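Please read the structure below before turning to the comments.
Every number in this text was worked out from the coordinates using simple rules, so none of it is lab data. Predicted model only: the values in this text are computed from it and were never measured. Neighbour counts run over all protein chains shown; Cβ positions are idealised from the backbone, glycine included.
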Amino acid sequence: MSDKTMSAEEAVGRLRSGMTVGIGGWGSRRKPMALVRALLRTDVTDLTVVSYGGPDVGLLAAAGRIRKLVAAFATLDSIPLEPHFTAARQRGAFELEELDEAMFMWGLTAAAQRLPFLPVRAALGSDVMKVNPRLRTVTSPYDDGEEFVAVPALRLDAALVHLNRADIRGNAQYLGPDPYFDDLFCQAADTAYVSCEQIVDTADLLKDAAPQSLLIKRAFVTGVVETPGGAHFTSCTPDYDRDEPFQRAYAQSARDPEAWRAFTDRFLSGDEPAYQAAVTAFHEERT
C-alpha cells in the first residue's frame, strides 16, 4: 500500500487541457478550493467541468478555463446565484448542460458502475428534457412498458474533492453533516485527488467518528493533499464555517472587470500560503 501524498501543485500538474474534471462538494460547502486555486496557477484550459456548482465553477469561469459545464445549479448558498458563473453564462463564455440534482447523481452512479446510462423517472414532464437535447428516453423491456429517462454516465478524467481527514493511502473521511457525493466523483473518475484538512494515521480515522464517515476508499484515490483551510472560503464543518464576509467580497468582485482584477491581484496572484495570508489580512482590516 503506497504513500499517495503529494502537493496541490503535483496533483493539478497531472491535469491537461481538454479534460473532463469533476469537482466535489455542494454549492459553497466543502469545495476543494485550494486545488482549484492551484489549477488557476497553471495554463490548463478548455475544461469540461462537472459539479454541483459553487465558487469552484465561478473562479474557473471567470478565468476563462471552462469550455463546457455540466451542472444542476451554481450557487453560493447564502447568495442564491454564483455571480461569476452568471456573468460568464450571460456572455456565452461556455456551453452548459443542465441536469436536475437527482439526474446528476445517477449520472455519476452510472459512471461509477461503468454503465453507459441509468434509467430514471426524474425529469419526465419537466423542461429539463427541452433544455438538454442530449437526453433520451428508454422503454422498459418488461410487461410494464414504462418509459424512463436514460441519464448518460458522467465519466470523468479526474476528480477533485476535499474532506476533513485522510490517511496517506487515500482513505478519506468526512466529519460534517453530508457526504455531498464525493465518493461517486472519485469512483466515476480515472484519477482522483483528495485534499484534506489533516492527514492522520489510518487507525485514527475511527477515533471519535462513526465507521460510515469513512467515505472514500483508497482504491479510488490517486493522490492525497494535506492543505489546512483548503476548502476556504466555503464551509468545512466541523473544522470551520463558510467565511461569509470574504464570500461577499468575492461576489462583489463580479461587478466589473476592475473589481475582479483587484480581487485576483490581492488573493489569487500568489501561492496557497500567500492566499491564506491575504485572507488573514482581509479580516484584520475589517476589525
Problem set entry | Neighbour-count order for PHE282, PHE85, fewest beta carbons within 10 angstrom listed first | PHE282, PHE85
Problem set entry | In order through the range 110-125: 3J(HN,Hα) via Karplus (6.51 cos²θ - 1.76 cosθ + 1.60), integer Hz, x for Gly, Pro | 4, 5, 4, 8, 6, 9, x, 6, 10, x, 9, 8, 4, 5, 4, x
For this session: Please list the non-local residues whose amide H lies under 5 Å from the amide H of ASN171, H modeled 1.01 Å from N, same-chain partners needing a gap of 5 or more.
Result: ARG218
Seminar exercise, completed: Taking HIS162, HIS283, HIS84 and counting other beta carbon atoms within 10 angstrom, the fewest-first order is HIS283, HIS84, HIS162
Exercise. Going by how many other beta carbons lie within 10 Å of each one, how would you line up ASP127, ASP183, ASP271, fewest first?
Worked result: ASP127, ASP271, ASP183
Seminar exercise, completed: Reduced to Cα centres, the span from the range 39-115 to the range 227-287 in Å works out to 20 Å
Exercise. Under 23 Å Cα-Cα from LYS4, which lysines qualify once same-chain neighbours fewer than 8 residues away are excluded?
Worked result: LYS31, LYS207, LYS217
Problem set entry | Net dipole in debye of the chain [+1 Lys, Arg Cβ; -1 Asp, Glu Cβ; about Cα centre; nearest 20] | 580 debye
Exercise. Which whole-Hz ³J(HN,Hα) couplings does the range 32-43 yield from phi under the Karplus relation 6.51 cos²θ - 1.76 cosθ + 1.60, θ = phi - 60°, glycine and proline marked x?
Worked result: x, 5, 5, 5, 5, 5, 5, 4, 5, 7, 9, 9
